[in-house]
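The values are calculated or read from the model by the stated rules, or taken from the named source; none is laboratory data. Source: prediction; values computed, not measured. Cβ placement follows ideal geometry from the backbone for every residue including glycine, while neighbour counts extend to all protein chains displayed. Ligands, DNA and RNA are excluded from the accessible area calculation, which covers all protein heavy atoms including side chains. Shrake-Rupley method; radii C 1.70, N 1.55, O 1.52, S 1.80 Å.
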Amino acid sequence: QYYKILIEDMTILRYFVNSAMYTAAILFGQALLIPAMAYALSRFKFRGRDALFFVVIMLMLLPFQVTMVPNVITLRAMGLLDTIWAIILPMTVAPFYIFLLRQYMVGLPGDMIEAAQIDGAGTLRCFIHVVLPVCQPILGAAVALSFADCWNLVEQPLTYLTTRTELYPLSVVFNQLTQQSTGVEFAGAALYTLPALLIYLYFQNDILEGVQLTEL
């Protein structure tokens, strides 16, 4: 069965690559933006900070069905509908993970950052060399949870890629590919679940430690 889906008929493998591409791109974008945004909301005092954090909480509570129409209108106006960026960009700034990291960073001792600043470290250096290493547990938990969200995309591709079915991830088309029994269903299912399982096992300790220490 594995030879068939990996060598003979590469349909499942092609959609698997789509899933891997979306997941990697979204996680990369989140790694660049979300820790920095969480750090700004937790440590810097500026006008509108509390209002911005309130907006993050509200967006976190709203289901996808509520934000779907504004997202479609915005993506159409930007000319990104029916492209891979329609899937990647909206999920790059995920409110839940901003909230999760911000709550963890709020509990970090201020003396630690002040000591680094006294030693001559600037804001960027404090963030990279002091805050991020201390936040490793919650970062690992966020990566594992976000990977599961990205790997199991269903509603977003069906909404944003209406005419580009070849760009669908495997999570959308797997049921369609296995409606007629061909003997490869379990092999495809194993191929689909293996990355998520490995990610969870790798970050298992970070998930438990990070979520327990977060002041939710």
Checklist entry - What is the percent of Cα-Cα separations in the chain that go past 22 Å? => result 58
Checklist entry - Taking the Cα atoms only, what angle lies between the long axis of helix 136-151 and the longest principal axis of the chain, rounded to 10 degrees? => result 30
Checklist outcome for this item: Largest-first ranking of Trp85, Trp151 by accessible area, probe 1.4 Å, whole protein assembly kept, is Trp85, Trp151
Item to check | Mean separation of Cα contacts under 8 Å (6+ apart) over length of the chain, as relative contact order % | outcome: 35
Checklist entry - Sorted by accessible area (1.4 Å probe), largest first, how do Tyr22, Tyr202 line up? => result Tyr202, Tyr22
Next on the checklist: Counting only protein heavy atoms and a 1.4 Å probe, tell me what percentage of the chain's accessible area is made up of carbon and sulfur.
Outcome noted: 64
Checklist entry - Helix-derived [θ] at 222 nm for the chain: sum -39500 (n - 2.57) over DSSP H runs of at least 4, divide by residue count, nearest 500? => result -22000 deg cm²/dmol
Checklist entry - For Met78, what accessible area in Å² do you get when you roll a 1.4 Å probe over the heavy atoms of the protein chains, rounding to the nearest 10? => result 120
Next on the checklist: Can you give the FRET efficiency to the nearest 0.05 for Asp119 and Ala51, using r as the Cβ-Cβ distance and R₀ = 30 Å?
Outcome noted: 0.30
Item to check | Solvent exposure ordering (accessible area, 1.4 Å, most first) of Phe96, Phe53 | outcome: Phe96, Phe53
Checklist entry - Averaged per residue, what accessible surface does the chain expose to a 1.4 Å probe, in Å²? => result 57
Next on the checklist: Using a 1.4 Å probe on the protein heavy atoms only, what accessible surface does Arg49 show? Give it in Å² to the nearest 10.
Outcome noted: 50
Next on the checklist: In Å and on Cα atoms, what radius of gyration and Dmax does the range 29-147 show?
Outcome noted: 16.4, 51
Checklist outcome for this item: If the chain between Glu209 and Leu197 were fully extended at 0.36 nm per residue, the gain over the current Cα-Cα distance would be 2.5 nm
